[in-house]
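Trainee: Below: one structure in C-alpha cells.
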Number of protein chains: 2
Amino acid sequence: MAAPSHPGTSEPKGANVERMPTVDDVARAANVSRQTVSNVLNSPAIVREDTRLRVQRAIDDLGYRPNASARRLRTQRSATIGLRLDPLRDGISGAVLDRFVHKLAEQADARDLRVMIFSASGHDDELAHIRRLRDGSDVDAFVLIGTDHGDERSQWLIDQGVPFVSFGRPWGAPSPDPRHRWVDVDGRAGVRDAVTRLRERGAQRVAWIGWPSPSGTGDERAAGWREACGLPPAAADALSRATEDGVPEGRAVATALLALPEAPDAIVCASDSLALGALMAAQAAGHGELPIVGFDNTPVAAAVGLSSVDQPLDEVVAATLELLFGERGGAVRPNPNSNEEPTHRLLVPRLVERRSTHLPLDGNPGALGSGDHNRKESS
Amino acid sequence: MAAPSHPGTSEPKGANVERMPTVDDVARAANVSRQTVSNVLNSPAIVREDTRLRVQRAIDDLGYRPNASARRLRTQRSATIGLRLDPLRDGISGAVLDRFVHKLAEQADARDLRVMIFSASGHDDELAHIRRLRDGSDVDAFVLIGTDHGDERSQWLIDQGVPFVSFGRPWGAPSPDPRHRWVDVDGRAGVRDAVTRLRERGAQRVAWIGWPSPSGTGDERAAGWREACGLPPAAADALSRATEDGVPEGRAVATALLALPEAPDAIVCASDSLALGALMAAQAAGHGELPIVGFDNTPVAAAVGLSSVDQPLDEVVAATLELLFGERGGAVRPNPNSNEEPTHRLLVPRLVERRSTHLPLDGNPGALGSGDHNRKESS
DNA sequence: CTGACCGTTTTGATCGATCAAATTCTTCTG
DNA sequence: CAGAAGAATTTGATCGATCAAAACGGTCAG
C-alpha cells in the first residue's frame, strides 16, 4: 500500500518528449546489429552468452521496449483477445461474467496477451464488430460468452475461420461441429451435489426453482436436481417450478411452494437471484431456518450468507486460454479441422456452504456474513 | 434476435486463407494511387467526388479494411484506451464500475476507439503495466478508477506525461495539480437531495449509515446528509453511524439505530450493501415500512425495490472521453500544462425512488420489483 | 593448406499504412 | 492563349520491428 516511486524498471526517462529507443538504438549502444537485439528478445537461445548479456544491459539502460504495433505489423498477429461485454447482463447473476472477465485479464497478462473489450447490441452487431477487429488485425482470437439455444455465432465464426473459444456449450445443435472449441461448467453435477448434500443433512423434500425451458444451462441444472432429489416423478413435478430470473420472481414462487400442503424442507435454485427471493419468502413465512441453495456464488450470496454453487472460473479461463493458445504458446491455434485433440472441457463446480444451509436466519445479526469476501469500495 | 447471415458488410470473402486486401490492392482496382485511397478514408474532403465514389466502391467490393497495426505504427497512436479492472471490488457496489466499463466500451466504440483492459495487484503493479502498455504504444491514454486518499498514481502519471483522466477526485491533495483531469459525481448533492426528499415526505429523524473516515467519497456523502438532515449537531451525531461496507455490517448498525429510544424514521446509507442490510434489519424489527435509501443504484437495489442514488454513468463516461479526446476528435490530448480550459467535471446524481420509500415491505410479493431492469441470464 | 560445416551475426527486404513533397490537371485571369 | 494559382493526385520516404538469406569466424577432417 505504501512505497511509491519506481514502479516497473526505473530508467532515467525524463519527460516524455524524446522518442522511445528502438532496436537500432539498442543495437548501436551494444555494438551489434538490429537483428541480434531482436534475437535476444525472441530467441535468446541462439545468441552467445556474452553478447546476450551485453545487449540485455543496453536494453535495460535505455529502457527499451519493443513497439507493439511494429511487431504486430511484421508478425501479422496481435496477441490480443477480443471479448464482448454483454450489455444485457444487469441482473445479479451477471456478476459471474464480471469475475470471468477479471480472471481472463489476469491470466492473459501472465501469457503476455492483451484483452480488448467491445460492446454490441445484438448477435449480428457482435459479429460485425468481430469482423472489423479481426480484419484490422486488432485482435486475433475471440472468447464468446453466454451461448444459448440457436446461437448462430459459433457457426459463422467457424465458417469465417475466426479462432475462438466459447464459454458455454453449443446448446441444441443436433451434432455439434467438432471445430467448435468450448469450455463449460457442469451445472447438472453442481446441482446434483447440492441436492445430495441437503439430503445427507436430512432434507427429504428438496424443491427446485428454475427457468422456463428451453434454456441450455437451466435445463441442465434442473436435470441435476431431478436426478438427485430421490422423489417419484409425480412428487418431483409438484416441487418443481420455473420462472424468469429475478428476486421478486423467486420470492413469489417460493411463497407458493411454502404454502403447499406438503411443503418442501429445502430449496435449490438455478440462480442466486431466485435464491435470494426464496430466502426472503422463507423469512417472511416464518421458515427462517429453511435450507436454500443458489447458483453462481455471487457477491450478494456471500453478503447475505446464502449457500451457492460456485463455478471454477480460474479453471474455466485457464482452459479457455489453453484451447486457444496451447499449453504455453503465444500463437493462436486456428479452429481445429478435424477432431484430433479434445476441443472442449467440462469443469465441475463446487458447493460453497454458508449460513443458509447451516443456521437459522433470524436471531443475532452479529453471526452474519460468515467472513466471506467483503471489501470496502469507493466511488 | 433473428435474421442471421451477413453481419457487417457482406463481401464474398471465402475461407480465410487469402490475405486481406491492402491499400495497394484497392488503388489498383480503382485506378488511383495508394495515397488517394488513404485520403478517401482519412480526409475525404480533399478528394474529388467521382474518384471518391470509385475508390469507395473498390473498397466495398474488395472488403478492404485498413490494417490497424500498420496505421498505428505510422501515426504513432493506437486510438486505444487502457483500463485497469480492479481485482478488489467484489462487493455489491463493484457493480457501478462494471456499468462504467460497459458504458466506456460503448461510447469508445462510437468514437472508433478501442478499450484494452488489464488487471494489477496494486498501485505499483498498475503503474508498471501502464508503462508497459504505453511504451509499447499499445495504448495511448488511460482511465483511472476509484481514486482515494493519498493516491500517488495521478502524480506519477502526470510526471511521466501519460495522458489520463480519473473517475474520482484527487482526494486529500492540499492543492490539486491543475494538470490532473478528472470526472466525478457529486455524492454530497446526491445524498442531500435524498434526505431532503425524505423530509418532504414527512421524515423528521433521518439517520445516516456511512463509512469510517477518512474516505473521500464517504465523507462527502456524509456531509450531504449532515447539511440536509435539519438536526442540531448533537442529535445528528446520535443518528450517524460509520462502519465498513457490507450487508451484515449495515444490518448490525441499523438494528442498533432502531433500538434507540429516539429511533430514526428513515435511513440513508452510503451504499446499497449497507442499505440492504438496513432493509433486512428494519424488516426483522417489524419496521417494514421504514424508508431507506441506498447509493449506487446497483442491480440488487433494483431487485429488492430499494431506492437509491444513481450515478449518471453515461455522462461520466462522455465527460471522460471529452476530456481525453476533445469534442469529437480521435487524437489524445496530452495532460494540460496550465489551467486554461476546465480540466474536470463534477456531475450530479439523481435519486431513483422505489418501494423502499413508498410502500411497506411486507405484503403481497406480486407488487414487488417495480418493473426495473430484470433480465434473464445464463451461464 | 583447403574446404566443409557449424554456430553466430549481419544485411536486405518486407509488413501496410501515412506523411511530406513533387507532380499533374484545372481553372481562371490578363 | 500564356501562365499563375489552386485543386487533385502521385511519388518517395518512413514508422519499428521480424523474416529469410547471406556473411562471417572458427574448428576440424582430409
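The values are calculated or read from the model by the stated rules, or taken from the named source; none is laboratory data. It should be emphasised that the depicted structure is a prediction, and the values quoted were computed from it without experimental measurement. Please note: Cβ atoms are built from the backbone with ideal geometry, for glycine as well, and neighbour counts cover all protein chains shown. Heads up: the accessible areas ignore ligands, DNA and RNA and are worked out on the full protein's heavy atoms, side chains in. Shrake-Rupley method; radii C 1.70, N 1.55, O 1.52, S 1.80 Å.
Trainee: Answer with yes or no whether A:Val316 is at pLDDT 95 or above and in a helix (DSSP H, G or I).
Mentor: So A:Val316 fits the description; yes.
Trainee: Only one of B:Gln160, B:Gln155 is under 23 Å from B:Thr343 (Cβ atoms), within 22 Å of the chain's Cα centre (by Cα) and not β-branched (Val, Ile, Thr). Can you tell me which?
Mentor: Answer to the selection: B:Gln155.
Trainee: Now, a different point. Are any of the residues in region A:222-243 crowded, with 22+ Cβ neighbours inside 10 Å, touching a residue at least 60 places away in the same chain (Cβ under 8 Å) and assigned to a loop (DSSP other than H, G, I, E, B)?
Mentor: Among the residues of region A:222-243, not one is crowded, with 22+ Cβ neighbours inside 10 Å, touching a residue at least 60 places away in the same chain (Cβ under 8 Å) and assigned to a loop (DSSP other than H, G, I, E, B), which makes the answer no.
Trainee: Among the residues of region B:369-377, are any within 25 Å of the chain's Cα centre (by Cα), over 30 Å from B:Gly277 (Cβ atoms) and at pLDDT below 90?
Mentor: The answer is no, given that none of the residues of region B:369-377 is within 25 Å of the chain's Cα centre (by Cα), over 30 Å from B:Gly277 (Cβ atoms) and at pLDDT below 90.
Trainee: Kindly provide the set of residues from region A:186-212 that are under 25 Å from A:Glu262 (Cα atoms), within 14 Å of another protein chain (Cβ to nearest Cβ) and surrounded by fewer than 20 Cβ atoms within 10 Å (Cβ to Cβ), ordered by number.
Mentor: A:Pro212
Trainee: Taking the residues in region B:71-89 that are facing chain A (nearest Cβ under 8 Å) and at pLDDT below 90 as candidates, determine which candidate is most open to solvent (accessible area, probe 1.4 Å).
Mentor: Ranking the candidates gives B:Leu88 first.
Trainee: Next question. Which pairs do you get when a residue that is more than 9 Å from chain B (Cβ to nearest Cβ), found in region A:98-119, comes within reach of a residue that is part of a strand (DSSP E or B) and at pLDDT below 90, reach meaning Cβ atoms under 8 angstrom, with the pair 6+ apart or on two chains?
Mentor: Between residues of region A:98-119 that are more than 9 Å from chain B (Cβ to nearest Cβ) and residues that are part of a strand (DSSP E or B) and at pLDDT below 90, the close pairs are A:Phe100/A:Ile145.
Trainee: Does region B:26-56 hold any residues that are away from DNA strand C (no atom under 12 Å from the Cβ) and among the basic types (Lys, Arg), and which are they?
Mentor: B:Arg52, B:Arg54
Trainee: Which condition from (1) assigned to a helix (DSSP H, G or I); (2) in contact with a strand residue (DSSP E or B) (Cβ under 6 Å, 6 or more places away or on another chain) is the one that A:Thr196 breaks?
Mentor: Going through (1) assigned to a helix (DSSP H, G or I); (2) in contact with a strand residue (DSSP E or B) (Cβ under 6 Å, 6 or more places away or on another chain) one by one, A:Thr196 breaks only (2).
Rundown of residues vs (1) at the interface with chain B (Cβ under 7 Å from one of its Cβ atoms); (2) touching a residue at least 24 places away in the same chain (Cβ under 8 Å); (3) within 16 Å of DNA strand C (Cβ to nearest atom), yes/no style:
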site	(1), (2), (3)
A:Ala58	no, yes, yes
A:Pro66	yes, yes, yes
A:Ala128	yes, no, no
A:Arg131	yes, yes, yes
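Trainee: Among (1) under 30 Å from B:Arg111 (Cα atoms); (2) within 11 Å of chain A (Cβ to nearest Cβ), where does B:Ala319 come up short?
Mentor: (2)
Trainee: Give the residues of region A:35-70 that are surrounded by 19 or more Cβ atoms within 10 Å (Cβ to Cβ), part of a helix (DSSP H, G or I) and not hydroxyl-bearing (Ser, Thr, Tyr), sorted by residue number.
Mentor: Of everything in region A:35-70, those that are surrounded by 19 or more Cβ atoms within 10 Å (Cβ to Cβ), part of a helix (DSSP H, G or I) and not hydroxyl-bearing (Ser, Thr, Tyr) turn out to be A:Val37, A:Val40, A:Val55, A:Ala58, A:Ile59, A:Leu62, A:Ala68.
Trainee: Same structure, new question: Out of (1) assigned to a loop (DSSP other than H, G, I, E, B); (2) modelled with pLDDT of 90 or more; (3) at the interface with another protein chain (Cβ under 10 Å from one of its Cβ atoms), the odd one out for B:Gly288 is which?
Mentor: (2)
Trainee: Output the residue which, of all residues in region B:291-316 that are more than 10 Å from chain A (Cβ to nearest Cβ) and open to solvent by 10 Å² or more (accessible area, probe 1.4 Å), is farthest from B:Leu346 (Cα to Cα).
Mentor: Once the filter is applied, the top-ranked residue is B:Pro291.
Trainee: Being more than 18 Å from A:Asp138 (Cβ to Cβ), away from DNA strand D (no atom under 13 Å from the Cβ) and at pLDDT below 95 is the filter here; which residues of region B:16-60 pass it?
Mentor: B:Val17, B:Glu18
Trainee: Could we say that B:Arg111 is within 13 Å of DNA strand D (Cβ to nearest atom) and basic (Lys, Arg) here?
Mentor: Here the answer is no, as B:Arg111 does not meet what is asked.
Trainee: Looking at region A:90-140, which of the residues that are of a type in the set (S, T, N, Q) and within 19 Å of the chain's Cα centre (by Cα) is surrounded by the fewest Cβ atoms within 10 Å (Cβ to Cβ)?
Mentor: Step one: filter region A:90-140 for residues of a type in the set (S, T, N, Q), giving A:93, A:107, A:119, A:121, A:137.
Retained after the next criterion (residues that are within 19 Å of the chain's Cα centre (by Cα)): A:93, A:107, A:119.
Details: A:Ser93: 26, A:Gln107: 18, A:Ser119: 22.
The qualifying residue surrounded by the fewest Cβ atoms within 10 Å (Cβ to Cβ) is A:Gln107.
Trainee: Being surrounded by fewer than 19 Cβ atoms within 10 Å (Cβ to Cβ) and among the polar types (S, T, N, Q) is the filter here; which residues of region A:161-185 pass it?
Mentor: A:Ser175
Trainee: Moving on. Can you name the number of the only condition in (1) within 16 Å of DNA strand D (Cβ to nearest atom); (2) not assigned by TED's automatic domain parsing to the domain that holds B:Gly161 that B:Gly63 fails?
Mentor: It is condition (1) that B:Gly63 fails.
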